[in-house]
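Since the structure comes first, as structure tokens, the remarks are kept for the end.
Taken together, the values in this text are just the output of simple stated rules run on the coordinates, not laboratory data. What you see is a predicted model; the values in this text were computed from it and never measured. Here Cβ is always computed from backbone atoms with ideal geometry, including for glycine, and neighbour counts include all displayed protein chains.
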Amino acid sequence: MPTRPTTLRALAGAALLPLALVTPAWGRSAPAPEAPATLCEVAGTLRGAHGQQAVVSLCAGSGTPQLVLSAPATCRRAGMRVRFSCRTEGTWKARRAGRTVASGTLPGGGDYGGPGTYEVTATVRVRSKPAGVDLTGTVQATLSLTAPKAKPTHAVTVDRTVLRRGATTTLTYTIRRDSEEGDGSARFGLIGQAGTGVRIASADARCVNPLVGRHPAKTRLAHSLDCALTELQPGHPEKVRVRIIVGSKCSTVVSKLGYWIPKGQALYTGAMLPGPTLTCR
């Protein structure tokens, strides 16, 4: 059978051809990060008794550390050939897998939880200019967001999270910068509840109780502390030791870290990171 070797060689070549056309996985470049974008869905139509109508959309911006919600609307009124502009205000709530993950006022934002399907409900008031439409109602939309959650660049931890009524508690906060981006500067702040008598202090020279009022006022907020950090580096966290004195009234204490990640001469390149919340018993 003189044709058999030729047939086998042809079959072998055909089997190897797809392998030659497939790029090895290790040779592929990683997909480019998704650019910040806004996704809008029509969420509902509000109607009034005299032909007023407002079509409301819910829009979410993603690709940044925050999930930013807005509710643009278009307005019309039967019998009026007027080009209306619409103003919307209200509150919103986002649920994911049956759990509320963010809420706030419109427009506004909350922490972005990553890609997924978000059920967004908003209670809105829509008013037109010129006057003619003034409607209130609840609208809902399903938004499927695909941008990955940004990897944290900084972190704040504390060695204890519970304060005691009528006691002084000494705590140590650890502030880290885990990214090569940015620089060593950050501002770390603590604040208790005003009117409870809670006092926050530190012997650390980088920390002060903030000065308030007009010059030459010397008033400082005893229930708040600001710390200026300048040497944050990956692998070199900063520690801040504080004393919190709680009187007869309990107070929670929240913490925040503000930092700047320079990108040339761009202005809005920083962020705020919530730190641990201290409870009181």
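Here is how the number arises for the chain: DSSP H runs of 4 or more residues each give -39500 (n - 2.57), the sum is divided by the residue count, and the result at 222 nm is -2000 deg cm²/dmol. When percent of Cα pairs over 31 Å apart is calculated for this entry, the matching label among (i) 54; (ii) 32; (iii) 29 is (i). Net length available on complete extension from Thr100 to Glu181 is 26.0 nm, with 0.36 nm assigned per residue and the Cα-Cα distance removed.
How would you classify the range 190-281 from its alpha-carbon gyration tensor, with a ≥ b ≥ c the square roots of the eigenvalues: rounded for a/c under 1.5, else prolate if a/b is greater than b/c, otherwise oblate? It is prolate, given that a/c is not under 1.5 and a/b is the larger ratio. Summary of packing: across the peptides 164-172, 189-197, 41-49, the per-residue average of other C-beta atoms within 10 Å ranks them, highest first, as 189-197, 41-49, 164-172.
Inter-part distance, the range 143-177 to the range 231-281, computed on C-alpha centroids, equals 8 Å. Dividing the Cα radius of gyration of the range 37-145 by 2.2 N^0.38 Å, with N the residue count, gives 1.11. Dividing the mean sequence gap of close Cα pairs (under 8 Å, 6+ apart) by how many residues the chain holds gives a relative contact order of 14 percent. Working from Cα pairs under 8 Å separated by at least six residues, relative contact order for the range 154-280 is 36 percent.
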